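Remarks on the structure that follows.
The values are calculated or read from the model by the stated rules, or taken from the named source; none is laboratory data. Values in this document were obtained by computation on a predicted structure and should not be read as measured data. Note: ideal-geometry Cβ built from the backbone for every residue, glycine included; neighbour counts use all protein chains shown.
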Amino acid sequence: MNIKNKSILVTGGAGCVGSNIVKKLDGRGAKITVIDNLYRKNELELNNKIKFVGKSIIEDVEELISQNDVIYHLAAISQVMTSIEEPELTYKLNVEATKNIVAACTKHKKKLIFASSREVYGTQDELPVKLNAELNPENPYAASKVAGEAIVRAYGNSYELDYNIVRMSNVYGYGDVGRVIPKFIEIFRMNKDIELYGSEKIIDFIYIDDVVEALVKLKEKSGLILNLGSGVKTTLLELANLIKELNPQSTSKINILTERHGEVGKFQADISETKSKLEWEPETSLREGIIKIFNYQNKE
């Protein structure tokens with residue numbers, strides 16, 4: 001599929017992943033429509049080729065879907081702690097709205113790329129986590145993504161919906177707010193002490209540019225379910241020490257607390273199938289990615 005002049009709808013297009021894929025697709029000549037209710041107060045760079053619709057996906061979006069060729073469904077309550085605090089809202093956005101979007105894509109024969117999460121696996125005994133690992137959701141967000149995947153696959157099996165599902169690890173990069181890496185960077189810069197909820201918690205961080213490149217490639221594929229991570233495991237303590245090292249003027253201290261209930265204890269993605277099926281490789285190390293964020297922030 002040639003991107004140029006294709007009509008692409010991105011739900012959650014003002015978020016970290018959404019805004020960066022919008023920028024990439026726009027740069028390649030696609031006609032982009034963004035749906036976002038700016039729930040997380042993100043900003044999106046617009047031009048006369050990008051149509052912005054400020055509404056929630058809980059509302060009727062079938063007409064917008066009918067007008068586009070490819071649908072990137074990224075909008076969701078995507079933070080674990082938010083889902084624990086607001087499970088009903090999580091269900092409405094991540095399950096009910098997803099069902100409506102899937103049904104509309106099926107009805108109008110549109111390609112759907114569904115953003116799922118590594119959270120669907122829960123905490124696994126063996127790392128890296130393979131695609132055939134048993135799904136074990138440990139919080140409302142994870143459960144909602146398992147449900148979303150099931151809906152997508154069911155419509156694919158029953159009605160020949162053209163879809164791909166990508167289980168993303170912890171994405172970071174410019175434009176990200178409210179997640180662990182931007183939070184840690186801000187805390188160290190403000191010389192406040194940092195609190196780690198479990199120093200040995202293992203996370204697979206993947207830089208935004210690598211994510212976007214994989215998502216762009218997915219529009220050429222059909223029927224895939226893939227892990228999208230760096231394939232590298234990092235503990236929270238290693239992350240905190242790295243950010244402190246890259247911010248040597250900081251006087252912040254690192255305090256270690258017990259893990260919070262409902263959060264996955266360890267994750268590292270097996271990305272072997274992603275590499276082979278997309279002809280893709282993650283190119284940015286965690287150190288390189290954090291340095292890029294520092295450089296980006298210094299330009300502002």
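Look through the range 113-127, keep the residues that are among the aliphatic types (A, V, I, L, M) and closer than 17 Å to Val211 by Cα, and return whichever of them is farthest from the chain's Cα centre (by Cα). Selected residue: Ile113.
Among the residues of the range 272-300, just one is crowded, with 21+ Cβ neighbours inside 10 Å and polar (S, T, N, Q), namely Thr274.
Just give me the residues in the range 218-237 being part of a helix (DSSP H, G or I) and surrounded by 18 or more Cβ atoms within 10 Å (Cβ to Cβ), in sequence order. Leu218, Leu236, listed by residue number. Residues in the range 238-271 that are surrounded by fewer than 14 Cβ atoms within 10 Å (Cβ to Cβ) and among the hydroxyl-bearing types (Ser, Thr, Tyr) were compared, and the one that is modelled with the highest pLDDT is Thr251.
Of the strands (runs of 3 or more DSSP E) entirely within the range 120-199, those holding at least 1 residues that are buried (at least 22 other Cβ atoms within 10 Å of the Cβ) occupy 163-168, 170-172. Quick one: would you say Ser222 is over 24 Å from Asn20 (Cβ atoms) and more than 19 Å from the chain's Cα centre (by Cα)? In short, no.
Scanning the range 33-54 for residues that are charged (D, E, K, R), at pLDDT below 90 and at negative phi returns Arg40, Glu43, Glu45, Lys49.
Each row is one residue, and each column tells you yes or no for (1) within 15 Å of Arg189 (Cα to Cα); (2) of a type in the set (A, V, I, L, M, F, W, C); (3) assigned to a helix (DSSP H, G or I).
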| residue | (1), (2), (3) |
| --- | --- |
| Leu242 | yes, yes, yes |
| Ile256 | no, yes, no |
| Glu273 | no, no, yes |
| Glu288 | no, no, yes |
| Phe294 | yes, yes, yes |
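Only helices (runs of 4 or more DSSP H) whose full extent lies in the range 1-113 are considered here, and the ones with at least 1 residues that are in contact (Cβ under 8 Å) with a residue 40 or more places away in the chain and among the acidic types (Asp, Glu) are 62-66.
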